[in-house]
Amino acid sequence: MCSLTSCLFNDTVYERPIVAPGCLANKSTDLASTMLNKLVTTKQKECLMEMNRCVVEVATREGIPVDLSEEKLTVDQLNDTVCAFRSHPEAVITHSEILQQALAVTQALNHPKNSQMEELLSTEKLLIQNTTISGEGPTTNLLRLIENRREKSLTLEDVVILMAQLFALCGENVIGDDKQKTKLQAAFVEAIFHDAEEELPEFLRELVGETVQETSVISAVKVMFEKLHLIGRARQDLKKYRSVLHKAGELEAAVYIPLLRQLIDDVFNPIVSELPDVEFLSKGLTDMLKSGFSLFMNVSKHQPRDHPVLIVFVVGGVTAAEVRQIREIVAKYRPSTEVIVGSTRLVQPKDVLKMIFKR
């Protein structure tokens, strides 16, 4: 709210009180509701283009001149379009929601951490591509990453996030034998002592304790690796969805296909008739009789796509990327089933670390 008024009005004195929405989720207008949906479900470039289109449309409707001479859309151009509302306070009040969303987009893309996130994504892709390399490939990359993290503007927390991702993708044996594991643990112990002079991440501070001593640090690193190995074993009891890495050929890089994406794709794919990791709970006498007769004859099981509404609820948290992927799958198959996605929270990587390493 403060950002909206300070950006658009600066030192302008306006007698009428201005109340901007305090939350981006305010959906009192159809345009703001539609745009909020796109903020979550579309990719960065598409979101920027759609946001600019909405602001230009509103400005044109209000008779506010905007500069459309630039061929390539940039974040600065969107910000300039929003700032064109400065001398039109009535228009700001009327369209405060969409303008606040536009400012959220420009500030997020101009934030210093945006380049850090891009560095994280590129590093993650490199690690995934090297997972199939025999020998010490992943371990060597992780050791190099710990050593050069400051040059890449990454924190120790970022490194642990990447490690957790690597264990989740490749299983508990991703770092090789005990010798490689010991080498990696030693590098983490040294990194913790080095970063303790400044500030440790919250989850590490909780593991290490208030006093950073050799015994407490070594113990914390062992606990951290035990948790990481548990992540690597999380899908071992599944039948079809044990792997989330797909490699089509020897010359092709491994591709990450999230479990939720695989599951929803199988739910709506008409070719897939069996979902071995999805349990159907019988209810009522009819379903119980069918379950009993299935021991003696083929009885077709209910499929999630057979129902008019499918509720996908993710316990622990769902990411915006997962919501977007579900939306893309539904758009691909165009089922008659309505899909509702819910979760306990919209989760970020740091939130995952807190849940994993919380004692």
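Which far-off residues, 5 or more places away or on another chain, put their amide H under 5 Å from the one on V339, with H placed in the peptide plane?
Amide H neighbours of V339, under 5 Å, 5+ apart: L310.
Ranking request for peptides 99-107, 120-128: highest mean number of other beta-carbon atoms within 10 Å first, then the rest in descending order.
On the way: 99-107: 21.4, 120-128: 15.9.
The most tightly packed comes first, giving 99-107, 120-128.
Once R0 is set to 30 Å, what does the formula 1/(1 + (r/R0)^6) return for the Cβ-Cβ distance between E46 and S216, expressed as a FRET efficiency to the nearest 0.05? The partial results should precede the final answer.
Values: r = 47 Å, r/R0 = 1.58.
Using R0 = 30 Å, I get an efficiency of 0.05.
Assign unit charges at the C-beta atoms only (+1 for Lys and Arg, -1 for Asp and Glu), then state the dipole size of region 125-209 relative to its Cα centre in Debye, rounded to the nearest 20.
Details: 9 positive and 15 negative charges, 83 e Å.
So the dipole magnitude of region 125-209 works out to roughly 400 debye.
Taking 0.36 nm per intervening residue step and subtracting the Cα-Cα distance, what contour gain separates S273 from E338 on full extension? Walk me through the intermediate numbers first.
Numbers: separation 65, 0.36 × 65 = 23.40 nm, distance 1.96 nm.
Taking 0.36 nm per residue and subtracting the Cα distance, the gain is 21.4 nm.
Using heavy-atom solvent-accessible surface (probe 1.4 Å) with all chains present, what is the largest-first order of L142, L39? Walk me through the numbers on the way to the answer.
Numbers: L142 0, L39 50 Å².
Result of the area sort, largest leading: L39, L142.
Which cross-chain or sequence-distant (5 or more) residues have an amide H under 5 Å from the amide H of I257, H modelled 1.01 Å from N in plane?
Sorted by chain and number, the residues that satisfy this are L245, H246.
So, with a 1.4 angstrom probe, what is the percent of accessible area on region 47-119 that is carbon and sulfur? Please report the intermediate quantities before stating the final value.
Details: 1960 of 3790 Å².
Ligands and nucleic acids excluded, carbon and sulfur give 52 percent.
Using a probe of 1.4 angstrom, how much of the accessible area of region 138-249 is carbon and sulfur, in percent? Could the numbers behind the result be given before it?
Working: 2670 of 5860 Å².
The value for region 138-249 is 46 percent carbon and sulfur by accessible area.
Quick check: pseudo-label points 7 Å beyond the Cα along Cα→Cβ at L346 and V56, how many nm apart are they?
Rounded to a tenth, the inter-label distance reads 2.6 nm.
First measure r as the distance between the Cβ atoms of M355 and A253, then evaluate 1/(1 + (r/R0)^6) with R0 = 30 Å and state the FRET efficiency to the nearest 0.05.
Numbers: r = 30 Å, r/R0 = 0.99.
Once rounded, the FRET efficiency stands at 0.50.
The values are calculated or read from the model by the stated rules, or taken from the named source; none is laboratory data. Since the structure is predicted, the reported quantities are computational estimates derived from the model, not experimental observations. Don't worry about glycine lacking a Cβ; one is built from the backbone with ideal geometry, like all the others, and counts go over all protein chains shown. We work out accessible area using only protein heavy atoms, side chains counted, and drop any ligands, DNA or RNA first. Shrake-Rupley method; radii C 1.70, N 1.55, O 1.52, S 1.80 Å.
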